[in-house]
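The values are calculated or read from the model by the stated rules, or taken from the named source; none is laboratory data. Predicted, not measured: the structure shown is a model, and the values here were computed from it. Reconstructed Cβ throughout: ideal geometry from the backbone, glycine too, with neighbour counts over all protein chains shown.
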Amino acid sequence: MSASAVAALVGSLRLLGGDRRGLAAMDVSLDGFWSSFRVMLWLAPAIALSLLADLRLNEAVGTPHETSAGLVILAGVVNYVLGWLAFPLLLALLGRPLGLGRVYIPWMVARNWSAVPASLPYVAVVVVWLIGLMPISALGPATLAALGFSLYCGWRIAVVAGERPWGQAIGWTLADFLLGLLIESVFDRLLGL
């Protein structure tokens, strides 16, 4: 891991703590914007664990119809990639009319880098469940708690890096989350899942 990546991750933790100076640790240039999307690749092992958990959960509780592992994996990968790209694209389209041009790149860079700490509770839940230390009955509440933390992180980044008032930041965070759910729902239907 490069020194700039470590600095950006530390910066993301500062931002999540409410310290706007965390942005100074990130490259918020256009090049920095594009390179911040490499975090998507860094989180690929976490997505692989999540897909494994989905497959194991389907085995444990069954599904309404038979679904191949390959189809579940394809859907998971496509949903992951589109989910990463959809919100930045939406904000790019709406940014100028809504006056977000000045904060767009810093906000998206911070959003991307903060995805690492935001995903850690979910990864921990999945690992603990996969190795058998958590009963299936606790998986739902633990996953919801991890989702809550992830949403908090999105809100915090919208407030600090996106310079949005807290209420507006809630709206943007929910838009990001719901856009991901919409993509997942549409693509799953297209694949017959």
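Select from the range 93-118 the residues that are loosely packed, with under 12 Cβ neighbours inside 10 Å and small (Gly, Ala, Ser) and write down the one among them that is nearest to Gly22 (Cα to Cα). Once the filter is applied, the top-ranked residue is Gly101. Taking the conditions (1) in contact with a helix residue (DSSP H, G or I) (Cβ under 8 Å, 6 or more places away or on another chain); (2) modelled with pLDDT of 95 or more; (3) assigned to a loop (DSSP other than H, G, I, E, B) in turn, Thr67 satisfies each one other than (2).
Scanning the range 24-50 for residues that are touching a Phe, Trp or Tyr at 6+ places or on another chain (Cβ under 9 Å) and charged (D, E, K, R) gives a single hit, Asp27.
Every residue, every condition in (1) closer than 26 Å to Trp34 by Cβ; (2) in a helix (DSSP H, G or I); (3) not aliphatic (A, V, I, L, M), yes or no:
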| position | (1), (2), (3) |
| --- | --- |
| Leu85 | yes, yes, no |
| Leu91 | yes, yes, no |
| Trp107 | yes, yes, yes |
| Arg111 | yes, yes, yes |
| Ser119 | yes, yes, yes |
| Ala124 | no, yes, no |
| Thr143 | no, yes, yes |
| Gly154 | yes, yes, yes |
| Glu163 | yes, no, yes |
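For residues that are part of a helix (DSSP H, G or I) and of a type in the set (S, T, N, Q), scanning just the range 3-53, find the one that is farthest from Val78 (Cα to Cα).
Residues of the range 3-53 that are part of a helix (DSSP H, G or I), as a first pass: 3-16, 20-25, 30-42, 44-53.
Subsequent filtering for residues that are of a type in the set (S, T, N, Q) retains 4, 12, 35-36, 50.
Values: Ser4: 29, Ser12: 26, Ser35: 20, Ser36: 19, Ser50: 14 Å.
Only one residue fits best here, namely Ser4.
Glu59 satisfies every condition listed in (1) acidic (Asp, Glu); (2) within 26 Å of Gly162 (Cα to Cα); (3) free of Cβ contacts under 8 Å to residues at least 24 places away in the same chain except (2). Restricting the first member to the range 129-158 and to residues that are free of Cβ contacts under 8 Å to residues at least 12 places away in the same chain, and the second to residues that are part of a helix (DSSP H, G or I) and crowded, with 17+ Cβ neighbours inside 10 Å, the beta-carbon pairs closer than 7 Å and six or more apart or on different chains are Met134/Ala142.
Would you call Val77 over 28 Å from Arg14 (Cβ atoms), part of a helix (DSSP H, G or I), within 15 Å of the chain's Cα centre (by Cα) and at pLDDT below 95?
Details: over 28 Å from Arg14 (Cβ atoms): yes; part of a helix (DSSP H, G or I): yes; within 15 Å of the chain's Cα centre (by Cα): yes; at pLDDT below 95: yes.
Yes: the conditions hold for Val77.
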